[in-house]
Amino acid sequence: MAEQRETYKGREVILRTGADASTARATAGISEDEAGAEGAELYIDGERIYTVRDAGGGYKASGFAFDPQPSPAELAKKIIDYRETGE
């Protein structure tokens, strides 16, 4: 897979997987151990969101206490919605 871009509520969401994620990690000096859920990288407005995948297959974000989401894109939407309520 490659890079996927989406705009949600005016926020840019980028999900990188596969070779694109590996190249971006190497350029940024990020080790494979820090890669995130299955090597996927999630960004919201340029801010890296560290993700993990739980035993049930759901995605969680470091620093957030949400229920696991079925995909990184859904997790990004949940984070954006949460941040909007705090503004």
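For the reader, a short list of remarks on this structure follows.
- First in segment 1-25 and of a type in the set (S, T, N, Q), second anywhere and open to solvent by less than 70 Å² (accessible area, probe 1.4 Å) and modelled with pLDDT under 60, Cβ under 9 Å, 6 or more apart: Ser22/Ala35
- Scanning segment 65-80 for residues that are under 19 Å from Arg11 (Cα atoms) and either open to solvent by 50 Å² or more (accessible area, probe 1.4 Å) or in contact with a Cys (Cβ under 8 Å, 6 or more places away or on another chain) (or both) yields a total of 3.
- Entirely in segment 13-87, the strands (runs of 3 or more DSSP E) that have 2 or more residues that are at pLDDT 60 or above and closer than 18 Å to Ala2 by Cα: 41-44, 47-49
- In segment 55-82, the residues that are touching a residue at least 24 places away in the same chain (Cβ under 8 Å) form Cβ pairs under 7 Å with partners that are in a loop (DSSP other than H, G, I, E, B), at six or more places apart or across chains, as follows: Pro72/Ala40; Ile79/Phe64; Ile80/Lys9.
The values are calculated or read from the model by the stated rules, or taken from the named source; none is laboratory data. Just so we're clear, the structure is a prediction, and the values are computed from it rather than from any experiment. Glycine gets a Cβ as well: all are built from the backbone with ideal geometry, and neighbour counts include every protein chain shown. The protein model used for the area step is the full one, side chains on, heavy atoms only, and it has no ligands, DNA or RNA in it. Shrake-Rupley method; radii C 1.70, N 1.55, O 1.52, S 1.80 Å.
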